[in-house]
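Trainee: Okay, here's the structure, questions in a sec.
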Amino acid sequence: MVKKNTVKQNTKNIEEQTMPEGRQASKVESLVIFKCNCNCLMCSTGLQIKRNIGSADYHAVRPFEDVKKDIDRVKEMKAAGFAFSGGEPNLRRDLPELAAYAKKIGLSHIEVQSNGRVYAYKEYCRKLIDSGVNNFVVSFHSHKPELADKIMGVPGTFKQAFQGIKNLNELGHKVKINIVMLELNYKQLEEHVKFLLKNFKIQEIRFTMVMLEGNAIDNTDIVAPMSKVAPYLCRAIDIVNNLTARRVQSFIYNMVPCLVPGHEIYINDLGPLGTLLIGPEFEAMLDESMKGKKIKAPVCQQCKYNSACHGVWRSYAELFGLTELKPVK
Ligand code: SF4
């Protein structure tokens, strides 16, 4: 957590910095709800969601006026866009109204991060699109229905999310897919991306290493070592590039560059991140919030990525150590 004047200073710096190739542009991401209709094995906000079952106070559902103020911050920091995150943002009945406000003040990038279940209702998709949402990030962790439902914690999630993405495609929107890479799914990444490209119109794929937060703390057996995931990840990105002539973008989150040789440009979290994260009673630039939570090895001093690389999560290092990290000359 940081004080607001620190945030202002950091946002000023962001405006002055040029994003490296392969990076997402700066944005404001707001945790607008801590309720969900899934219960993912690795949900990073799973603890807050469980605490808020049956509650409707501002910790569970942030007040409409507060979220409007979050949206205003995009203009203030001249960021590229706004993302509704959670929990499951689509469980807010006022989401279309909030998106309409973002559109009204002229934001060009209005994103919703979702498990995709609600998009199975096409009329709802239409309403959201009409209100101004133009970036749909949908979690789709496996191409195998049973495994997807197991990871998301609710039977039928795969079927609904699949139909949901189809609906968005039919309404003219490509989707951005988020895949959290786990012990359960990483060996199937190549088949997974082929399935996605065959069935959906996709704008980008976000490959995310699981974070040891929330539900994952109780399920550490689902966390795979990065060095094991990395070769599968690199091959999956090569497939995406080959099958789409690089028209579908790939981004890697929570992975260090030394483990993905030749694919470093796809790592999103190198250097300053440019994302302001806001939730009930806190706001933080992601760069600031990472300080103290990420760690590097002594050998990182010899690595050419040392100044830009944030290292690995401390909780990950406690589980797997730091011997995977190999300095790049
Ligand atoms: S600085 Fe360390 S963790 Fe980062 S890429 Fe280099 S060796 Fe890997």
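The values are calculated or read from the model by the stated rules, or taken from the named source; none is laboratory data. Quick caveat: nothing in here was measured; it's all calculated off a predicted structure. When we count neighbours, we look across all protein chains shown, and the Cβ atoms used for this are built from the backbone with ideal geometry, even at glycine.
Trainee: Based on this model, can you work out whether Cys258 counts as over 26 Å from Leu41 (Cα atoms), part of a helix (DSSP H, G or I) and modelled with pLDDT of 95 or more?
Mentor: Yes, satisfied.
Trainee: Another one. Do you know which residues across the range 278-309 are under 18 Å from the mean Cα position of the chain (by Cα) and either of a type in the set (Ser, Thr, Tyr) or near the ligand (Cβ under 8 Å from one of its atoms) (or both)?
Mentor: Correct list: Ser289 only.
Trainee: Still on this structure, I have one more. Is it the case that some residue within the range 198-211 is without any contact (Cβ under 8 Å) to a residue 12 or more places away in the chain, surrounded by fewer than 17 Cβ atoms within 10 Å (Cβ to Cβ) and either of a type outside the set (Asp, Glu) or farther than 22 Å from Val118 by Cα (or both)?
Mentor: Looking through the range 198-211, at least one residue is without any contact (Cβ under 8 Å) to a residue 12 or more places away in the chain, surrounded by fewer than 17 Cβ atoms within 10 Å (Cβ to Cβ) and either of a type outside the set (Asp, Glu) or farther than 22 Å from Val118 by Cα (or both).
Trainee: Let me ask something else. Given (1) surrounded by fewer than 19 Cβ atoms within 10 Å (Cβ to Cβ); (2) at pLDDT 95 or above; (3) more than 16 Å from the ligand (Cβ to nearest atom), identify the lone condition not met by Asp221.
Mentor: Answer for Asp221: the failing condition is (2).
Trainee: Let me ask you something else. Hey, can you tell me all the residues within the range 261-270 that are in a loop (DSSP other than H, G, I, E, B) and either surrounded by fewer than 22 Cβ atoms within 10 Å (Cβ to Cβ) or at pLDDT 95 or above (or both)?
Mentor: Across the range 261-270, the qualifying residues are Pro261, Gly262, His263, Asn268.
Trainee: Exactly one condition in (1) part of a loop (DSSP other than H, G, I, E, B); (2) within 16 Å of the ligand (Cβ to nearest atom) is false for Arg246; which is it?
Mentor: The single condition Arg246 does not satisfy is (2).
Trainee: I've got another one for you. Residues that are of a type in the set (Asp, Glu), closer than 21 Å to Phe34 by Cβ and touching a Phe, Trp or Tyr at 6+ places or on another chain (Cβ under 6 Å): does the range 89-107 have at least one?
Mentor: yes
Trainee: Another question, if that's okay. Under the condition of being assigned to a loop (DSSP other than H, G, I, E, B) and in contact (Cβ under 8 Å) with a residue 24 or more places away in the chain, which residue from the range 310-322 is nearest to the ligand (Cβ to nearest atom)?
Mentor: Gly311
Trainee: Those residues that are in a loop (DSSP other than H, G, I, E, B) and over 18 Å from the mean Cα position of the chain (by Cα), I need them from the range 209-243; list them, please.
Mentor: Across the range 209-243, the qualifying residues are Asn219, Ala224, Pro225.
Trainee: Return the pair list, or none, for Cβ contacts closer than 6 Å from residues in the range 214-242 that are of a type in the set (Ser, Thr, Tyr) to residues that are crowded, with 16+ Cβ neighbours inside 10 Å and part of a helix (DSSP H, G or I), at least 6 apart or on different chains.
Mentor: Qualifying pairs under 6 Å: Ser227/Leu259; Tyr232/Tyr186; Tyr232/Leu189.
Trainee: Out of the residues in the range 271-287 meeting the condition of being in contact with a strand residue (DSSP E or B) (Cβ under 9 Å, 6 or more places away or on another chain) and among the acidic types (Asp, Glu), tell me which one is surrounded by the fewest Cβ atoms within 10 Å (Cβ to Cβ).
Mentor: Asp287
Trainee: Further question on the same structure: Name the pairs whose Cβ atoms lie under 7 Å apart, with the first residue in the range 102-124 and of a type in the set (A, V, I, L, M, F, W, C), the second assigned to a loop (DSSP other than H, G, I, E, B), and 6 or more positions between them or separate chains?
Mentor: Within 7 Å, the pairs are Ala102/Gly132; Ile110/Gly132; Ile110/Val133; Ile110/Asn134; Val112/Val133.
Trainee: Just the residues that are within 26 Å of Ile49 (Cβ to Cβ) and touching a Gly at 6+ places or on another chain (Cβ under 9 Å), please, taken from the range 218-251.
Mentor: Passing the criteria: Asp218, Phe251.
Trainee: Looking at Glu88 and the list (1) more than 22 Å from Asn52 (Cβ to Cβ); (2) in contact with a Cys (Cβ under 9 Å, 6 or more places away or on another chain), which single condition is not satisfied?
Mentor: Going through the list (1) more than 22 Å from Asn52 (Cβ to Cβ); (2) in contact with a Cys (Cβ under 9 Å, 6 or more places away or on another chain), Glu88 breaks only (1).
Trainee: So, one more: Pairs only if they're at least six apart or on different chains, beta carbon under 8 angstrom, first in the range 40-52 and more than 12 Å from Gly86 (Cα to Cα), second among the aromatic types (Phe, Trp, Tyr); list them, first residue then second.
Mentor: From the range 40-52, the pairs are Arg51/Phe34; Asn52/Phe34.
Trainee: Right, next: Going by the conditions given, is Val260 of a type outside the set (Asp, Glu), free of Cβ contacts under 8 Å to residues at least 40 places away in the same chain, within 16 Å of the ligand (Cβ to nearest atom) and in contact with a helix residue (DSSP H, G or I) (Cβ under 9 Å, 6 or more places away or on another chain)?
Mentor: yes
Trainee: Okay, moving on. State yes or no: is Lys159 surrounded by fewer than 17 Cβ atoms within 10 Å (Cβ to Cβ), under 21 Å from the mean Cα position of the chain (by Cα) and not small (Gly, Ala, Ser)?
Mentor: Here the answer is no, as Lys159 does not meet what is asked.
Trainee: All but one of (1) over 20 Å from Asn185 (Cα atoms); (2) within 10 Å of the ligand (Cβ to nearest atom); (3) free of Cβ contacts under 8 Å to residues at least 60 places away in the same chain hold for Met255; state the number of the condition that does not hold.
Mentor: (1)
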